[in-house]
Each structure stands twice: as structure tokens, then as C-alpha cells.
Amino acid sequence: MGFFSRFFRIREQDASSPETTWAVEDNGSELVLDAEYATMLVTEIDIDAAIASHEGWRLQLQDMVHGRSSEVMRPERICQDDRCDLGRWLNGAGRDRLGHYPAFDMLVARHRHFHQHAAAVVTCFQAGEQAQAVQLLNGRCRHASNQVLLLLKELKRGLGR
């Protein structure tokens, strides 16, 4: 059962229907929001764009630590998880719509965790500690990033998109 299953109700299907694509006994894996509610959430955030933006951050960090970028990053801004599009949604409309679910707080925490590790990567790199920056990027930062991406993909799947 998916992480965001606490957000969604089980979609009931008739086992004899040609539209049923899964075994009735496995219905816990087919979780969806009410169609109207899902449509409203989809209009508030483009999950694919949030995923792409988040992946873009990781690529920017990789380029920086491997000397392929001359962009000057500011760790005091990067650690602020409410400045990116996803962070603004999580702290605004997303919280309004889904904030009462315990799983939502996990996504917010994982997103914040990623920003903290991303800032630590930049701090180490700017202090001349390239090896430590690479280690952080490939370890804790990548793990935090993967968690955010998995949660976003689970949310997208739950929205039926």
C-alpha cells in the first residue's frame, strides 16, 4: 500500500467489469481521490513540473561539485524550503487541502530535509571541501531527494494522473 494511501479512498470496482484492471482482493493498491477533489489539486500544482524542478536542483548541485558550473549558490537561501514552487505549494494550498493527513507532514519534512542537505553540500563546496561536498551530495542529499521524488510520484499516482 502506498505512502499516500491515507489520503485516498479505495476505488470500488466490479470484478466482472472489463474496466477492472486489478484483482479485487488487491484493491488496496488502487487508491484514488474523489475525481472532483483530485481535479482541484491537479490545478493547484503540476506534479510533473515539481518533480522536474526537484531533479533539476540535484543536477545543479552535481554540476557545482564537479566544477561544471560557475553559478554562485547561496546556502542561506537554499536551506529555505518554502522558496521553491513545491515548497510554496506545500506551505500554502497543499497544506490547506492535505495538511490534516499525517502523511502530508512527512512529505513536508522530507522536502525540508532535502533543502538542509543541499545547503550543506554548497557550504562544504564553498569552504573548499570538495570531497566532503561530493560525499554529502551522493549520500544524505541524494537519499533525501529520492524520498521527495518517491513521495511526489506516489501523490501523482494517487491523483490518478
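The values are calculated or read from the model by the stated rules, or taken from the named source; none is laboratory data. Just so it is clear, the model here is predicted, and its values are computed rather than measured. Backbone-built Cβ (ideal geometry, glycine too); neighbour counts: all protein chains shown. Keep in mind that these areas ignore ligands, DNA and RNA; they rest on the heavy atoms of the full protein, side chains included. Shrake-Rupley method; radii C 1.70, N 1.55, O 1.52, S 1.80 Å.
Using each residue's phi in the range 76-92, evaluate 6.51 cos²θ - 1.76 cosθ + 1.60 at θ = phi - 60° and report the 3J(HN,Hα) Karplus result to the nearest Hz, with x for Gly and Pro.
Taking θ as phi minus 60°, the curve returns 5, 8, 4, 6, 8, 6, 9, 9, 7, 4, 4, x, 5, 5, 4, 8, x Hz for the range 76-92.
How far apart, in nm, are two points set 7 Å out from the Cα along the Cα-to-Cβ line at Gln126 and at Val72?
Inter-label distance under the simple model: 0.9 nm.
Can you tell me which of 70-82, 144-156 comes out highest on packing, and rank the rest after it, using the mean Cβ neighbours within 10 Å?
Ranked from most to least packed, the peptides come out as 144-156, 70-82.
Accessible area per residue for the range 81-158 in Å², computed with a 1.4 Å probe and the full protein assembly in place, what is it?
Accessible surface, normalised per residue, equals 48 Å².
Take every Cα pair under 8 Å in the range 75-157 that's 6+ residues apart, average their separations, divide by the length, and report that relative contact order as a whole percent.
31
Take the alpha carbon gyration tensor of the range 69-161, find the square roots of its eigenvalues, order them as a ≥ b ≥ c, and report rounded if a/c is under 1.5; if not, report prolate when a/b exceeds b/c, else oblate.
It is prolate, given that a/c is not under 1.5 and a/b is the larger ratio.
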